[in-house]
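Participant: Got a structure for you, written out below as structure tokens; questions coming shortly.
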Amino acid sequence: MNILGVSCYYHDSAAALLQDGVLVAAAEEERFSRKKHDNGYPKQAIEFCLRQAGLTADELDYVVFYEKPFQKFERILLSSLGYFPKTWAFFREAMVAWFDEKLWIKSKLQTDIGVPTDKILFVEHHLSHAASAMFCSPFEEAAVLTIDGVGEWTTATIGHATATFDGNGANRINLSKEMRFPHSLGLLYSVFTAYLGFRVNNGEYKVMGMAPYGQPNYMDKLDKIVAADDEGGLRLNMDYFSYHYSIQYGFSPKFVDLFGPPRRPESDFYTLTTNPNKDHPGWDDAIAAENQRFADIAATIQRFTEETILTMVNAAYTETGSKNLVIAGGVALNSVANGRIVREGPFEEVFIQPAAGDSGGALGAALYAYHVLLGKPRKFVMNHAYWGADYTEADMAETIKANGFTYEFIDDEEKLLDRVVDTILNERVIGWFRGRFEWGPRALGHRSILADPRREAMKEVVNTKIKFREPFRPFAPVIMAEQAAEYFATKNINNSYLTPYMLMVSPIVDDKQDKLQAVCHKGTGRLQSVRREANPGYYRLIEKFGQATGVPVLLNTSFNLRGEPIVNTPQNALNTFAKSDIDQLVMGNFLIRKKGERL
Ligand SMILES: [Fe+2]
């Protein structure tokens with residue numbers, strides 16, 4: 001049985017394909033369209049899934065959409081009418097978009113893919129999120145927590161799910177508690193993201209990166225705009241917000257009266273904490289003080305988010321009594337909060353699927369249809385994230401030659417890896433392109449940039465020469481899974497379900513911080529742990545680097561330039577390689593140098 005899941009029209013459109021309940025392909029549209037967070041109809045991702053499985057559309061048994069468009073339409077209609085006439089522009093814009101395409105998703109899927117309407121199903125947004133976590137996890141029963149901006153009406157749920165691998169007992173997801181729009185932890189975080197000068201649905205992790213440079217000194221002000229109950233349910237004072245009636249701003253003038261003027265997007269960020277010696281170019285005491293206010297506000301909203309999530313986690317435990325927790329929704333990508341759930345929460349095991357945001361809804365919708373609507377038993381557990389497109393050696397060779405790069409083909413894997421380790425030891429930076437691209441927002445060793453993590457200076461090299469991104473944003477370490485506990489202070493970290501997907505920040509063991517200067521962010525790191533069987537070449541590279549240096553860790557960051565999606569094709573990789581100061585590129589078993597450089 002072939003089931004295609006589709007998510008689109010909010011952010012991060014995607015498609016995923018199941019064959020007899022086993023995932024065979026999943027990808028976000030942005031990787032093909034090259035538009036970051038592309039939220040349009042995922043035509044190319046759908047085509048890729050069918051191609052990967054060798055299917056034509058008439059072989060699809062079901063196409064499942066990740067939310068119910070009419071319920072979402074109702075929410076937008078009712079919430080904007082409630083604030084009329086303030087909402088006129090919002091209303092007009094929303095209606096144009098909805099009548100244009102969104103409301104008619106069924107006929108769009110029917111005509112574009114070429115499937116009859118009786119094969120098209122719809123699953124509620126938060127059920128799609130919940131299914132994406134539960135049915136990829138290794139658990140047969142678990143507490144469920146979903147937290148995002150907003151789906152149809154729902155913004156967070158607590159529930160319980162069961163689904164066995166032997167087919168005994170019903171597969172079900174029961175979301176017993178919910179929070180509803182406009183009250184939303186995800187939207188609250190997004191409002192602060194916008195206030196702090198970052199793009200909503202893109203810059204949330206930048207707020208998280210800024211937070212460690214500040215103190216949560218604004219809690220009393222935050223209390224004026226939001227109250228939490230003892231299960232993490234929020235009540236927002238809507239006088240301070242405008243996302244329910246404005247297309248441009250999430251916060252109202254009253255919010256600005258309370259917190260002060262918002263941060264200008266793209267303005268330089270430096271404070272006495274980031275630059276104690278005042279050595280930032282063009283240092284200005286007044287600007288540094290103003291930036292400190294922003295860092296303190298970032299710390300405040302981050303702290304509040306962590307505390308609220310922990311309250312929800314405890315409520316889920318009390319409600320279900322389960323030892324296992326699965327989490328989904330955009331807020332489940334808050335890796336600092338996830339670390340606290342593991343260290344401070346009551347659950348023994350926690351699983352989050354790597355595409356925890358709306359792209360993962362495509363996968364969840366398909367899984368929900370298969371296991372719950374059709375009642376089929378489970379066969380699948382996700383134990384890696386490599387579900388995207390890959391390219392043959394012939395594709396690579398042709399592209400490299402057509403672009404005129406100098407290259408060597410090194411068939412002997414050990415020899416190739418030794419060469420790469422030598423290059424990294426010479427403080428060079430490597431582009432690493434192998435196998436199928438990753439599912440979800442993180443590069444996990446198939447489309448990565450790798451460097452030596454040991455010296456502070458590499459942070460600067462990678463940041464300014466390659467990523468061209470904000471200096472306060474951290475780089476991540478990747479470590480052999482068996483050695484994670486030696487370097488990272490979180491219980492049971494060698495067996496974590498979160499670290500293979502870089503979903504959790506952990507404190508770094510005190511006496512190891514000095515060995516990991518380039519990936520240590522105020523004493524913490526958002527690690528990826530890797531097992532040999534999940535990614536043999538990548539694992540072996542880290543192992544060899546460990547043998548050479550005594551530190552089995554590399555700096556791993558995503559293979560893209562600032563503002564661009566992670567590379568997909570060999571041509572994307574060569575373009576990024578050419579535009580940046582990446583020193584060498586490993587593509588499959590090709591070792592590629594910059595034009596004009598000799599090997
Ligand atoms: Fe969502």
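The values are calculated or read from the model by the stated rules, or taken from the named source; none is laboratory data. Source: prediction; values computed, not measured. Note: ideal-geometry Cβ built from the backbone for every residue, glycine included; neighbour counts use all protein chains shown.
Participant: Mind checking which residues of the stretch 375-399 are farther than 22 Å from residue 442 by Cβ, in contact (Cβ under 8 Å) with a residue 24 or more places away in the chain and not basic (Lys, Arg)? First the steps, then the outcome.
Facilitator: Our first condition is that a residue be farther than 22 Å from residue 442 by Cβ; within the stretch 375-399, this holds for 375-379, 392-399.
Filter once more, so that each one left must be in contact (Cβ under 8 Å) with a residue 24 or more places away in the chain: 375-379, 393, 395-397, 399.
Result: 375, 377, 393, 395, 396, 397, 399.
Participant: Here's something else I'd like to know. Spot the failing condition for residue 131; the list is (1) at pLDDT 95 or above; (2) away from the ligand (no atom under 16 Å from the Cβ), and only one is missed.
Facilitator: (2)
Participant: Looking at 261, 212, 265, 182 in this structure, which one is farther than 30 Å from residue 377 by Cα, out of contact with any Leu (no Cβ under 6 Å at 6 or more places or on another chain) and without any contact (Cβ under 8 Å) to a residue 12 or more places away in the chain?
Facilitator: On the way: 212 fails: without any contact (Cβ under 8 Å) to a residue 12 or more places away in the chain; 265 fails: without any contact (Cβ under 8 Å) to a residue 12 or more places away in the chain; 182 fails: without any contact (Cβ under 8 Å) to a residue 12 or more places away in the chain.
Just one listed residue meets the conditions, 261.
Participant: Only residues that are of a type outside the set (A, V, I, L, M) and either in contact with a Leu (Cβ under 8 Å, 6 or more places away or on another chain) or surrounded by 10 or more Cβ atoms within 10 Å (Cβ to Cβ) (or both): list them for the stretch 272-289, please.
Facilitator: Looking only at the stretch 272-289, we keep the residues that are of a type outside the set (A, V, I, L, M), and these are 273-285.
Correct list: 273, 274, 275, 278, 280, 283, 284.
Participant: Follow-up. Among (1) modelled with pLDDT under 90; (2) within 15 Å of the ligand (Cβ to nearest atom); (3) in a helix (DSSP H, G or I), where does residue 89 come up short?
Facilitator: (2)
The rows are residues; the columns are (1) under 24 Å from residue 386 (Cα atoms); (2) touching a helix residue (DSSP H, G or I) at 6+ places or on another chain (Cβ under 9 Å).
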{"site": "396", "(1), (2)": "yes, yes"}
{"site": "402", "(1), (2)": "no, yes"}
{"site": "415", "(1), (2)": "no, no"}
{"site": "429", "(1), (2)": "yes, yes"}
{"site": "435", "(1), (2)": "yes, yes"}
{"site": "447", "(1), (2)": "yes, yes"}
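Participant: Please give the strands (runs of 3 or more DSSP E) falling wholly within the stretch 506-599 in which 3 or more residues are touching a residue at least 12 places away in the same chain (Cβ under 8 Å) and of a type outside the set (S, T, N, Q).
Facilitator: 553-558, 584-587, 590-593
Participant: When only residues in the stretch 1-22 that are small (Gly, Ala, Ser) and surrounded by 24 or more Cβ atoms within 10 Å (Cβ to Cβ) count, which is nearest to the ligand (Cβ to nearest atom)?
Facilitator: Within the stretch 1-22, the first condition is being small (Gly, Ala, Ser), and the residues that meet it are 5, 7, 13-16, 21.
From the residues that got through so far, the ones that are surrounded by 24 or more Cβ atoms within 10 Å (Cβ to Cβ) too are 5, 7, 13-16.
Numbers: 5: 14, 7: 9, 13: 12, 14: 12, 15: 16, 16: 15 Å.
For the stretch 1-22, the residue satisfying everything is 7.
Participant: Condition (residue is away from the ligand (no atom under 16 Å from the Cβ) and surrounded by fewer than 24 Cβ atoms within 10 Å (Cβ to Cβ)) applied to the stretch 351-362: is it met by at least one residue?
Facilitator: Let us first name the residues in the stretch 351-362 that are away from the ligand (no atom under 16 Å from the Cβ), namely 351.
Now drop any that are not surrounded by fewer than 24 Cβ atoms within 10 Å (Cβ to Cβ), which leaves none.
Looking through the stretch 351-362, none of the residues is away from the ligand (no atom under 16 Å from the Cβ) and surrounded by fewer than 24 Cβ atoms within 10 Å (Cβ to Cβ).
Participant: Among the residues in the stretch 295-309, are any more than 16 Å from the ligand (Cβ to nearest atom), of a type in the set (S, T, N, Q), in contact with a Phe, Trp or Tyr (Cβ under 9 Å, 6 or more places away or on another chain) and not in a helix (DSSP H, G or I)?
Facilitator: no
Participant: Now, a different point. So which residues in the stretch 108-160 are within 15 Å of residue 355 (Cα to Cα), out of contact with any strand residue (DSSP E or B) (no Cβ under 7 Å at 6 or more places or on another chain) and part of a loop (DSSP other than H, G, I, E, B)?
Facilitator: 135, 136
Participant: Follow-up question, since we're still on this one. Among the residues of the stretch 234-245, write down those that are out of contact with any Lys or Arg (no Cβ under 8 Å at 6 or more places or on another chain) and either surrounded by 15 or more Cβ atoms within 10 Å (Cβ to Cβ) or without any contact (Cβ under 8 Å) to a residue 24 or more places away in the chain (or both). Working first, answer last.
Facilitator: Step one: list which residues in the stretch 234-245 are out of contact with any Lys or Arg (no Cβ under 8 Å at 6 or more places or on another chain), which gives 234-236, 238, 241-244.
Once the filter is applied, which keeps residues that are out of contact with any Lys or Arg (no Cβ under 8 Å at 6 or more places or on another chain) and either surrounded by 15 or more Cβ atoms within 10 Å (Cβ to Cβ) or without any contact (Cβ under 8 Å) to a residue 24 or more places away in the chain (or both), the stretch 234-245 yields 234, 236, 238, 241, 242, 243, 244.
Participant: Can you find a residue that is within 16 Å of the ligand (Cβ to nearest atom), touching a residue at least 24 places away in the same chain (Cβ under 8 Å) and out of contact with any Ser or Thr (no Cβ under 9 Å at 6 or more places or on another chain) anywhere in the stretch 159-167? Explain how you work it out, then say what you get.
Facilitator: Our first condition is that a residue be within 16 Å of the ligand (Cβ to nearest atom); within the stretch 159-167, this holds for 159.
Next, from what is left, pick out any that are touching a residue at least 24 places away in the same chain (Cβ under 8 Å): 159.
Narrowing further to those that are out of contact with any Ser or Thr (no Cβ under 9 Å at 6 or more places or on another chain): none.
No, because not a single residue in the stretch 159-167 is within 16 Å of the ligand (Cβ to nearest atom), touching a residue at least 24 places away in the same chain (Cβ under 8 Å) and out of contact with any Ser or Thr (no Cβ under 9 Å at 6 or more places or on another chain).
Participant: Follow-up. Take residue 459 and tell me if it is in a helix (DSSP H, G or I) and crowded, with 16+ Cβ neighbours inside 10 Å. Break it down stepwise before answering.
Facilitator: Numbers: in a helix (DSSP H, G or I): yes; crowded, with 16+ Cβ neighbours inside 10 Å: yes.
Yes.
Participant: Could you list all residues from the stretch 134-158 that are near the ligand (Cβ under 10 Å from one of its atoms), under 17 Å from the mean Cα position of the chain (by Cα) and not aliphatic (A, V, I, L, M)?
Facilitator: Of everything in the stretch 134-158, those that are near the ligand (Cβ under 10 Å from one of its atoms), under 17 Å from the mean Cα position of the chain (by Cα) and not aliphatic (A, V, I, L, M) turn out to be 146, 148, 149.
Participant: Yes or no: the stretch 182-191 includes at least one residue that is more than 19 Å from the chain's Cα centre (by Cα), more than 16 Å from the ligand (Cβ to nearest atom), of a type outside the set (Asp, Glu) and at negative phi.
Facilitator: Looking through the stretch 182-191, none of the residues is more than 19 Å from the chain's Cα centre (by Cα), more than 16 Å from the ligand (Cβ to nearest atom), of a type outside the set (Asp, Glu) and at negative phi.
Participant: May I pose another question? So, residue 111, is that one modelled with pLDDT under 95 and either buried (at least 24 other Cβ atoms within 10 Å of the Cβ) or in contact with a Leu (Cβ under 7 Å, 6 or more places away or on another chain) (or both) or not? Spell out the reasoning first.
Facilitator: Values: modelled with pLDDT under 95: yes; either buried (at least 24 other Cβ atoms within 10 Å of the Cβ) or in contact with a Leu (Cβ under 7 Å, 6 or more places away or on another chain) (or both): no.
Against the criterion (modelled with pLDDT under 95 and either buried (at least 24 other Cβ atoms within 10 Å of the Cβ) or in contact with a Leu (Cβ under 7 Å, 6 or more places away or on another chain) (or both)), residue 111 does not qualify.
Participant: Give the residues of the stretch 192-225 that are β-branched (Val, Ile, Thr), more than 15 Å from residue 256 (Cα to Cα) and more than 16 Å from the ligand (Cβ to nearest atom), sorted by residue number.
Facilitator: Start the filter on the stretch 192-225 by keeping residues that are β-branched (Val, Ile, Thr), which leaves 193, 200, 207, 225.
Next, only the ones that are more than 15 Å from residue 256 (Cα to Cα) stay: 200, 207.
Within the stretch 192-225, just 207 meets the criteria.
Participant: Then there's this: Would you call residue 191 within 24 Å of residue 230 (Cβ to Cβ), in a loop (DSSP other than H, G, I, E, B) and either of a type outside the set (S, T, N, Q) or touching a helix residue (DSSP H, G or I) at 6+ places or on another chain (Cβ under 7 Å) (or both)? Walk me through how you get there before you give the answer.
Facilitator: Numbers: within 24 Å of residue 230 (Cβ to Cβ): yes; in a loop (DSSP other than H, G, I, E, B): no; either of a type outside the set (S, T, N, Q) or touching a helix residue (DSSP H, G or I) at 6+ places or on another chain (Cβ under 7 Å) (or both): yes.
Spelling it out, it is not the case that residue 191 is within 24 Å of residue 230 (Cβ to Cβ), in a loop (DSSP other than H, G, I, E, B) and either of a type outside the set (S, T, N, Q) or touching a helix residue (DSSP H, G or I) at 6+ places or on another chain (Cβ under 7 Å) (or both).
Participant: I've got another one for you. Select from the stretch 366-422 the residues that are farther than 30 Å from residue 62 by Cα and acidic (Asp, Glu) and list them in ascending order.
Facilitator: Within the stretch 366-422, 393, 395, 398, 408, 411, 412, 413, 414, 418, 422 qualify.
Participant: Right, something else. Any residue in the stretch 116-123 that is among the aromatic types (Phe, Trp, Tyr), within 16 Å of the ligand (Cβ to nearest atom) and surrounded by fewer than 24 Cβ atoms within 10 Å (Cβ to Cβ)? Explain how you work it out, then say what you get.
Facilitator: Within the stretch 116-123, the first condition is being among the aromatic types (Phe, Trp, Tyr), and the residues that meet it are 122.
If we keep only those that are within 16 Å of the ligand (Cβ to nearest atom) as well, we get 122.
Imposing the further condition that a residue be surrounded by fewer than 24 Cβ atoms within 10 Å (Cβ to Cβ) reduces the set to 122.
Yes, there is a match, as at least one residue in the stretch 116-123 is among the aromatic types (Phe, Trp, Tyr), within 16 Å of the ligand (Cβ to nearest atom) and surrounded by fewer than 24 Cβ atoms within 10 Å (Cβ to Cβ).
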